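See structure below.
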Amino acid sequence: MKIQPLEPGMFYHVYNRGNNGIDLFYDTDCYYHFLRLYEKYMNPVADTYAWCLLGNHFHLLVYIKTEDEIDTSKLEYSTVEKPKVVNASKQFSHLFNAYTQAINKRFKRTGSLFERPFHRKLVSPEDYFQKLIYYIHNNPVHHGFCKNISEYPWSSYGSIVSEKPTQIKRKEVIDAFYDLDNFIAYHNQDQNLFDIDNLIIE
């Protein structure tokens, strides 16, 4: 299977799940730890526009930074030697490996935790951006975790509607929906996702 590289300056829907469908997140601490590692490994190389963590999988909408946009002083590597070229795919691998090691140690398990390779779909900012963000935020409702998007704590929806500091690209997301009121109204309506079948990985 040919793996699509993560190209700098592009948007991607990134998705991964537990190996053979196993759970990735066992309790609240697991969710928090994954987010801490995500900030550590991915924030230097990617801007995040939407995210959602569920029991056995997650969804991200990210922009991969260009070389000029990356602050290499903040990068975390799995080896001492600094790579010549910053590779966003390898940063994702560092994230997944670090999280797997932590989970294996804590829960006394062995072996891989995530499916390999992780899934990615190239997204154009004009390409049904609103529907993809809605799809990511609506995933907990779709899978029966809650009845309303606003009830679920492990997605970027709450960060976007809040005024608290956040790493999410809040202004850019709200601008994609024109304003905050429209963002909320859009998420409170059932959306036809037929148009983004090619961007959804399920």
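Structure summary
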{"read-out": "Members of the stretch 161-173 that are under 21 Å from L53 (Cα atoms) and without any contact (Cβ under 8 Å) to a residue 24 or more places away in the chain", "value": "V161, S162, K164, P165, T166, R170"}
{"read-out": "Cβ-Cβ under 9 Å pairs, at least 6 apart or on other chains, the stretch 77-99 side closer than 23 Å to F11 by Cβ and in a loop (DSSP other than H, G, I, E, B), far side small (G, A, S) and at pLDDT 90 or above", "value": "N87/S93"}
{"read-out": "Search result, residues across the stretch 117-139 that are in contact (Cβ under 8 Å) with a residue 12 or more places away in the chain, surrounded by fewer than 21 Cβ atoms within 10 Å (Cβ to Cβ) and among the charged types (D, E, K, R)", "value": "K121, D127, K131"}
{"read-out": "Close pairs from the stretch 146-159: first over 11 Å from A50 (Cβ atoms), partner surrounded by 20 or more Cβ atoms within 10 Å (Cβ to Cβ) and of a type in the set (A, V, I, L, M), Cβ under 9 Å, at least 6 apart", "value": "Y152/L54; W154/L53; W154/L54"}
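The values are calculated or read from the model by the stated rules, or taken from the named source; none is laboratory data. Because the structure is predicted, anything quoted here is derived from the model rather than measured. For neighbour counting, all protein chains shown are included, and Cβ atoms are generated from backbone atoms with ideal geometry for every residue, glycine included.
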